[in-house]
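S.K.: One structure, as structure tokens, below. Some questions next.
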Amino acid sequence: KVVSPGKAGPAVVIEQVNKELVAFAPMRQKIEDSIKGLLGAKGLELEIEEVARDPEFFADSSQLEFVFMNLLSKMVNFCDQGKIQLWVSVTESGGAHLVQIFNRDQNIQQDDYHQLVNTFEKRGDKSKNIVEAHGGRLWLDIENGIEFGFTIPLG
């Protein structure tokens, strides 16, 4: 089942987006350092694969970093086994970076699914609003494990 965020709840307005060219490599290191404790506490691993060569985003770096950390933290909260993978690639049309954060070894329990969807569908979800303020899209897919995905347009 693929869920795109809905329109319920109060909106969190992203006041300003200061876009600049942001290299993923330094952000990757910050992400790995920041999430290490959460992963270790649950016995999970993180694998990051840059399918796109030396990916660079035209984005607000602090907002983009928030989205990565927020979605990874949500993933860790709902996982108790397997490996969390983060892939950065370019969409088939070539017009956007595609980011996928997933765990194919973990299925979501019904109660957790409803909690996650309720959180994810709120208009007040800051990650959703940041991605949309950058012209992208955010989604949840539970067909094959758990996956958060989002796009950020190139340039």
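The values are calculated or read from the model by the stated rules, or taken from the named source; none is laboratory data. Model, not experiment: these values are computed from the prediction. Note that each Cβ is placed from the backbone with ideal geometry, even for glycine, and that neighbours are counted across all protein chains shown. Keep in mind that these areas ignore ligands, DNA and RNA; they rest on the heavy atoms of the full protein, side chains included. Shrake-Rupley method; radii C 1.70, N 1.55, O 1.52, S 1.80 Å.
S.K.: Using 0.36 nm per residue of separation minus the Cα-Cα distance, give me the extension gain between Arg137 and Glu50 in nm, one decimal.
M.R.: 29.4 nm
S.K.: Let me ask something additional. To the nearest 10 Å², what's His134's accessible area with a 1.4 Å probe?
M.R.: 10 Å²
S.K.: How charged is the neighbourhood of Glu32? Take every other residue with its Cβ under 15 Å from the Cβ of Glu32, and add Lys/Arg as +1 and Asp/Glu as -1.
M.R.: Summing Lys/Arg as +1 and Asp/Glu as -1 gives -2.
S.K.: Translational diffusion coefficient, Stokes-Einstein: compute it for the range 35-92 using the Kirkwood radius over C-alpha pairs as Rh, at 25 °C and 0.890 mPa s, and state it as an integer in µm² s⁻¹.
M.R.: D, rounded to a whole number, is 194 µm²/s.
S.K.: To continue, here is another question. Just to be sure I understand the model, the point goes 7 Å from the Cα along the line to the Cβ. What's the resulting Lys42 to Asn70 distance in nm?
M.R.: Once both label points are built, they end up 1.8 nm from each other.
S.K.: Would you kindly compute the Cα radius of gyration of the chain and its largest Cα-Cα separation (Dmax), both in Å?
M.R.: Using the Cα atoms of the chain, the pair Rg, Dmax is 14.8, 40 Å.
S.K.: Given the chain, what percent of its DSSP beta bridges are antiparallel, to the nearest 5?
M.R.: That works out to approximately 75 percent antiparallel.
S.K.: Starting from the Cα gyration tensor of the range 87-144, multiply each eigenvalue by 5, take the square root, and state the resulting semi-axes largest first in whole Å.
M.R.: 23, 17, 7
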